[in-house]
Structure formats: C-alpha cells, structure tokens
Amino acid sequence: MHRRDLVKQLGLSLPAYLLSKNSSASFLRAFAPPGPFTASWESLRKYTVPDWYRNAKFGIWAHWGPQCEPEYGDWYARGMYQEGSGQYKYHLGKYGHPSKFGFKDVIHQWKADKWEPDELVSLYKRVGAKYFFAMANHHDNLDLWDSSHQPWNSVKVGPKKDIIGGWAKAAKKHGLPFGVSVHAAHTWTWFEVAQGADKQGAMAGIPYDGRLTRADGKGQWWEGLDPQDLYAQNHPLSESGENKNSGTQWAWGNGASIPSEAYCQRFLQRTMELIDKYEPELLYFDDTVLPLYPFSNVGLQLAAHHYNKSMQRNKGKLQGVVNGKVLNEMQRQCLVWDIERGQSNRIEPFTWQTDTCIGGWHYDKRVYDNKRYKTAKTVVQTLVDIVSKNGNLLLNIPVKGDGSIDDQEKNILEEVAAWMKVNSECIYDTRPWKVFGEGPAMEGAAPIAEQGFNEGKGKPLGDADIRFITKGDVLYAVVFGWPASGVVEVKSLAAGNTLRPQAVSKISLLGGGPLSFSSGNDALRITLPGNRPALDYAVVLKIV
C-alpha cells in the first residue's frame with residue numbers, strides 16, 4: 001500500500017514532506033544495524049521470545065520521574081495546564097500559576113534526595129521479581145540519563161543524577177535483567193495544553209510557559225536552556241485545539257498534529273543512545289504498536305537495533321525483549337504484546353505481558369492517605385491468573401518524589417514475598433495447561449478495551465475459582481480462597497476427563513503436606529488440612 005493511501009486509511013494528516021517521493025532518505029529508509037534484524041516486519045518475524053523471559057513471569061517497575069515530585073497523581077505535567085482540573089487547582093495552591101511556574105520549574109524542584117536504588121532493587125528481588133524496569137523518560141520529555149540529544153535531562157537539571165545509570169548498576173549487582181520504558185514519542189501532542197492560557201479569571205489570556213523560548217530565559221535559573229526542547233511545542237495544535245482528549249489521537253489519528261522529521265530523528269537518536277549506553281535487555285514502548293508508527297519507521301529501527309545489540313552482547317543468542325501495545329496477530333510474533341491494566345481472557349499462543357500498578361503510575365499521596373493501594377491478595381491472584389494464560393506481570397511500585405517508597409507499599413511487598421517464599425514453584429519456569437482455569441469468575445470476565453483496561457471489571461475471584469499451571473509432569477491447581485467446607489472440587493479433573501486422563505497419584509499442599517482426595521464423575525475432591533495458612537487467598541495444590 002502506498003504511504004498516501006495508508007495515511008488516508010488511518011485518518012492521519014501528515015505534512016507534505018512525509019508524503020513526498022523526495023522525503024529524507026535517512027528518515028524513511030529501513031535502518032540496517034549489524035546483525036540479522038532490519039527495520040521491517042518481515043525481518044522482525046524471525047524473533048523468538050527468550051526462554052529466560054518466558055520463565056521469569058514477574059518483574060517490578062519504577063515508573064518514576066519529575067511528575068512524582070508533586071505527589072499528586074498521573075500525568076501531572078499535563079493536568080497542571082488544564083484549567084479547572086484537580087491538578088491545576090493543586091498546582092495553583094502549591095506552586096502558583098503555570099504561566100509563572102510551569103513544569104520546567106517542577107523539574108527544578110525535584111531533588112530525589114532519598115533515592116537508594118541498590119536498596120530498592122534488593123527488596124524487589126527478595127519479593128520475587130526476576131527482572132527490573134526503570135522509566136527512562138515520560139511524555140514530559142525529560143531524559144533520566146546523561147542524554148547527548150536532550151539538554152533537558154536529569155544530570156543537567158533537577159536532581160542532577162544519572163537515574164538510569166543508578167538503576168542499571170543496581171540491577172546488574174543483584175543479577176536482574178534490566179529494562180527501560182520509553183514514553184516520550186507522544187510529547188508532541190501530549191504537551192499541547194502547555195500552549196494554552198486560562199479562559200477565565202484574573203489570568204485569562206496570559207500564555208502558559210509552554211510557549212517560552214531560549215531568549216526568555218535571560219536571568220532565570222534555566223538561562224541557556226530552550227523550553228521548546230522540553231515542551232516541543234513549536235508547531236500548530238492538533239485539530240482538537242489543545243488536544244483535550246489525547247486518547248482519541250493516541251495512535252496519531254483523528255486530526256493529531258504529526259511530528260516533524262527533526263522531532264522523529266531526535267527521538268531516534270535519544271533512544272539509540274539509551275540502548276547503546278545502558279544495554280537493557282528489555283525495552284518497553286508506551287505506544288500503539290511502536291513509537292511514531294505508522295507514519296515513521298523509527299520504531300522498527302529501534303526494535304531491530306535492540307535485538308541486534310542483544311545478540312552482540314550475548315554471543316549470538318538473542319535475549320532481548322521489546323514490548324508493544326495494541327498489536328495484531330502478526331505483530332505479536334515480532335514483539336511481546338503488552339496489555340495495560342488488564343489481562344487476556346484466554347491462553348495466548350505467544351508470550352505476553354500485563355503492566356499494572358498497585359496505585360497510580362506516578363506517586364499520589366491521596367492513594368496513601370485513603371489506603372487505596374491494591375492489596376497483596378490482588379497482586380498475587382493477578383500474577384497467578386496471568387501466568388495461567390502464558391503471560392508475565394510487570395508491577396509498578398510508585399516511588400515518591402524523594403526516591404523512597406512508603407510504609408504501605410513495603411507492607412504489601414513483604415506479604416507478596418511471604419506468599420512467593422512458599423509458592424513460587426508454581427510461578428517460575430512454568431507453562432500454561434490445556435485450559436487456564438475454571439470457576440464462576442470466568443463467566444463474568446471483562447473484554448479488553450484498546451490497550452487493555454479491563455482490570456477489576458469482571459467478577460471477583462473466590463474459592464470456587466481455580467487456575468491451572470504446569471511444570472513438566474506436575475499440574476498446579478491454584479485455588480483463590482479456602483472453601484468453608486474444607487473440600488476443593490476440581491471439575492476439570494473429574495473421572496474420565498480428557499484433559500488429564502492419567503490417574504492422580506499424589507496431591508500435596510505447598511507449604512503443607514500430602515492431602516487425601518477422591519475421584520468422582522463430576523469432580524476430583526481434595527480435602528484440605530485443618531491448619532489453614534495465613535495467606536489463604538491463593539492456595540496451591542501440587543498434583544502428580
């Protein structure tokens with residue numbers, strides 16, 4: 001399909017240079033780094049998910065940056081420019097008007113003075129994480145490393161620390177594969193609100209600081225820096241004005257303003273440097289399919305480069321992973337499909353991942369004050385459900401602006417660690433069974449919407465819900481509760497079943513001992529012991 005036809009089909013509005021036959025060859029041609037992968041879907045289909053990742057099942061993520069400094073929730077750098085929003089009102093009270101104190105000034109206040117990456121990564125490993133992710137930049141466009149291509153970075157402003165370097169060093173020390181998440185491709189439209197101004201009140205019509213340029217910095221703390229390198233707003237707005245509903249334009253459709261060639265090339269250079277300098281094995285893109293896709297092949301170049309670099313590091317063996325969202329069946333052969341805040345409702349043929357959080361993505365003190373974190377029970381049950389469907393769980397633990405985590409988060413992690421200490425053999429190095437489970441919650445499962453977002457929308461899991469996981473000849477049945485009768489009924493293992501026709505020889509409770517059981521025509525009945533475990537919301541029965 002010709003590029004112009006693809007653009008029309010997707011409802012994009014691209015500048016002429018992207019449609020011209022004379023488009024910059026350096027921008028549009030497939031990138032060919034040394035190695036077997038090139039920037040095409042055909043080439044990327046040679047990808048095979050590495051066994052270490054399929055076996056790991058559980059990772060922890062530090063989705064942490066300057067938007068955590070106000071400790072007032074997700075997308076603060078955008079919400080503070082949306083007149084009348086809760087974050088806008090909070091910003092007025094704490095910092096002042098965004099024409100005088102913008103997000104660049106929030107960055108200036110971010111010091112990360114209590115950040116101890118070694119301590120945190122050590123804790124996450126003890127909890128059971130088999131890989132660790134750190135956010136490398138968000139839609140706020142600040143690079144969290146000593147970036148050669150983005151002067152607004154955490155070494156030159158804010159904490160004046162190499163955040164990614166610190167996380168990478170800690171992950172390496174503790175033997176955890178390191179991952180980075182990259183979100184900055186969408187700054188172009190996401191920060192359009194910073195071009196606005198109040199429409200009412202005493203400050204009506206006074207532009208926010210998203211329009212400032214280098215020349216405006218004389219005598220300011222940011223003298224010599226260009227705010228446009230941060231806000232990236234030297235361009236016309238999207239058709240929706242200030243892009244108030246960024247979700248409708250997330251896939252660069254519905255009238256979104258399309259980034260310039262220079263913007264795309266700079267994003268490519270920044271991310272290439274990140275890959276080359278810190279050598280992550282995991283790369284997460286917070287984009288539909290890949291960054292700047294489909295009007296640019298930058299994302300394909302980055303995926304190919306990441307795979308080739310992984311093979312170079314690992315003596316020809318590909319150990320790298322790239323996560324992408326909203327992938328079709330073909331693309332799921334090239335990348336690992338990521339579902340945000342949700343789960344698949346079936347056993348997927350290819351390894352996939354859920355990314356979710358115990359609270360908000362960015363730290364929010366209101367979640368702490370109102371005790372709204374996910375419980376350890378929810379975390380464990382979610383992990384088991386995902387593993388039963390051939391997936392991995394990447395769990396964000398919100399980090400406060402100062403770089404620490406709070407006591408409620410620590411308590412949740414300690415409880416997860418306690419469950420994993422007894423039951424982790426049903427998680428690591430496992431594969432899905434012939435069916436992922438049984439029970440009433442399956443009937444009320446919520447469908448996936450766009451990127452995911454079906455989390456918590458189905459029936460709650462209870463003691464009649466079971467998930468199945470295998471390791472070799474062992475079948476694990478994980479029961480989401482302790483039945484009042486003290487008897488677990490497994491319908492999938494009834495006498496004469498076709499799923500596992502061989503006779504059951506032994507059943508034991510992980511953390512306990514052998515259990516008595518009987519086989520009936522309607523179910524296999526397993527009698528639980530009298531000493532009920534403390535963490536009885538995910539009871540693991542080992543069946544051989």
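So residue 229 passes all but one of these: (1) closer than 30 Å to residue 115 by Cα; (2) not in a helix (DSSP H, G or I). Which condition number does it fail?
(2)
Across region 33-52, what is the number of residues that are among the aromatic types (Phe, Trp, Tyr), crowded, with 18+ Cβ neighbours inside 10 Å and either free of Cβ contacts under 8 Å to residues at least 60 places away in the same chain or over 14 Å from residue 336 (Cβ atoms) (or both)?
1
Do any residues in region 436-451 that are over 24 Å from residue 326 (Cβ atoms) and in the same structural domain as residue 468 (by TED's automatic domain parsing) have Cβ atoms under 6 Å from those of residues that are of a type in the set (Gly, Ala, Ser) and modelled with pLDDT of 80 or more, where the two are at least six apart or on different chains, and which pairs are they?
Listed by first residue and then by second, the contacts come to 437/388; 438/492; 439/464; 440/464.
Per-residue answers, yes or no, for (1) more than 20 Å from residue 213 (Cα to Cα); (2) part of a helix (DSSP H, G or I); (3) outside the structural domain of residue 268 (by TED's automatic domain parsing); (4) among the charged types (D, E, K, R):
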{"site": "70", "(1), (2), (3), (4)": "yes, no, no, no"}
{"site": "112", "(1), (2), (3), (4)": "yes, no, no, no"}
{"site": "120", "(1), (2), (3), (4)": "yes, yes, no, no"}
{"site": "123", "(1), (2), (3), (4)": "yes, yes, no, no"}
{"site": "132", "(1), (2), (3), (4)": "yes, no, no, no"}
{"site": "136", "(1), (2), (3), (4)": "yes, no, no, no"}
{"site": "151", "(1), (2), (3), (4)": "no, no, no, no"}
{"site": "169", "(1), (2), (3), (4)": "yes, yes, no, yes"}
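Name the single residue, out of those in region 423-443 being in a helix (DSSP H, G or I) and touching a strand residue (DSSP E or B) at 6+ places or on another chain (Cβ under 8 Å), that is surrounded by the most Cβ atoms within 10 Å (Cβ to Cβ).
426
Across region 484-513, which residue is surrounded by the most Cβ atoms within 10 Å (Cβ to Cβ) among those that are polar (S, T, N, Q) and closer than 16 Å to residue 530 by Cα?
Only one residue fits best here, namely 508.
Do we find that residue 481 is free of Cβ contacts under 8 Å to residues at least 24 places away in the same chain, buried (at least 16 other Cβ atoms within 10 Å of the Cβ) and assigned to a loop (DSSP other than H, G, I, E, B) in this structure? Even if it seems obvious, please write down each step before you answer.
On the way: free of Cβ contacts under 8 Å to residues at least 24 places away in the same chain: no; buried (at least 16 other Cβ atoms within 10 Å of the Cβ): yes; assigned to a loop (DSSP other than H, G, I, E, B): yes.
Spelling it out, it is not the case that residue 481 is free of Cβ contacts under 8 Å to residues at least 24 places away in the same chain, buried (at least 16 other Cβ atoms within 10 Å of the Cβ) and assigned to a loop (DSSP other than H, G, I, E, B).
Could you check region 271-285 and list, in sequence order, the residues that are over 12 Å from residue 164 (Cβ atoms), charged (D, E, K, R) and in a helix (DSSP H, G or I)?
276
Per-residue answers, yes or no, for (1) in a loop (DSSP other than H, G, I, E, B); (2) assigned by TED's automatic domain parsing to the domain that holds residue 204; (3) modelled with pLDDT of 95 or more:
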{"position": "23", "(1), (2), (3)": "yes, yes, no"}
{"position": "37", "(1), (2), (3)": "yes, yes, yes"}
{"position": "49", "(1), (2), (3)": "yes, yes, yes"}
{"position": "78", "(1), (2), (3)": "no, yes, yes"}
{"position": "87", "(1), (2), (3)": "no, yes, yes"}
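Within region 184-210, how many residues are in contact with a strand residue (DSSP E or B) (Cβ under 6 Å, 6 or more places away or on another chain) and either outside the structural domain of residue 66 (by TED's automatic domain parsing) or surrounded by fewer than 21 Cβ atoms within 10 Å (Cβ to Cβ) (or both)?
Selection size over region 184-210: 4.
So how many residues does region 307-321 have that are closer than 20 Å to residue 176 by Cβ and not in a loop (DSSP other than H, G, I, E, B)?
4
Could you count how many residues in region 211-226 are crowded, with 16+ Cβ neighbours inside 10 Å and not in a loop (DSSP other than H, G, I, E, B)? I'd like the intermediate steps shown before the answer.
Taking region 211-226 and keeping what is crowded, with 16+ Cβ neighbours inside 10 Å, we get 211-212, 217, 222, 225-226.
Of the ones still in play, those that are also not in a loop (DSSP other than H, G, I, E, B) are 211, 217.
Number of matching residues: 2.
Which one is nearest to residue 490 (Cα to Cα) among residues in region 444-465 that are buried (at least 17 other Cβ atoms within 10 Å of the Cβ) and modelled with pLDDT of 80 or more?
Among those that are buried (at least 17 other Cβ atoms within 10 Å of the Cβ) and modelled with pLDDT of 80 or more, it is 465.
If I go through region 359-409 residue by residue, how many of them are without any contact (Cβ under 8 Å) to a residue 24 or more places away in the chain and under 25 Å from residue 138 (Cα atoms)?
1
Please work out if residue 507 is touching a helix residue (DSSP H, G or I) at 6+ places or on another chain (Cβ under 9 Å) and at pLDDT 95 or above.
no
Applying the selection to region 370-418, what residues are farther than 15 Å from residue 124 by Cβ, of a type in the set (Ser, Thr, Tyr) and out of contact with any helix residue (DSSP H, G or I) (no Cβ under 6 Å at 6 or more places or on another chain)?
Answer for region 370-418, where residues must be farther than 15 Å from residue 124 by Cβ, of a type in the set (Ser, Thr, Tyr) and out of contact with any helix residue (DSSP H, G or I) (no Cβ under 6 Å at 6 or more places or on another chain): 375, 378, 382, 388.
Tell me the residue from 246, 238, 181 that is touching a strand residue (DSSP E or B) at 6+ places or on another chain (Cβ under 6 Å), in the same structural domain as residue 148 (by TED's automatic domain parsing) and within 25 Å of residue 294 (Cβ to Cβ), please.
181
Which condition does residue 224 not pass, out of (1) closer than 30 Å to residue 310 by Cα; (2) without any contact (Cβ under 8 Å) to a residue 24 or more places away in the chain, if it passes all the others?
All conditions pass for residue 224, except number (1).
The values are calculated or read from the model by the stated rules, or taken from the named source; none is laboratory data. Remember, it's a predicted structure, so these values are computed and weren't measured experimentally. We place every Cβ from the backbone using ideal geometry, glycine too, and count neighbours over all the protein chains shown.
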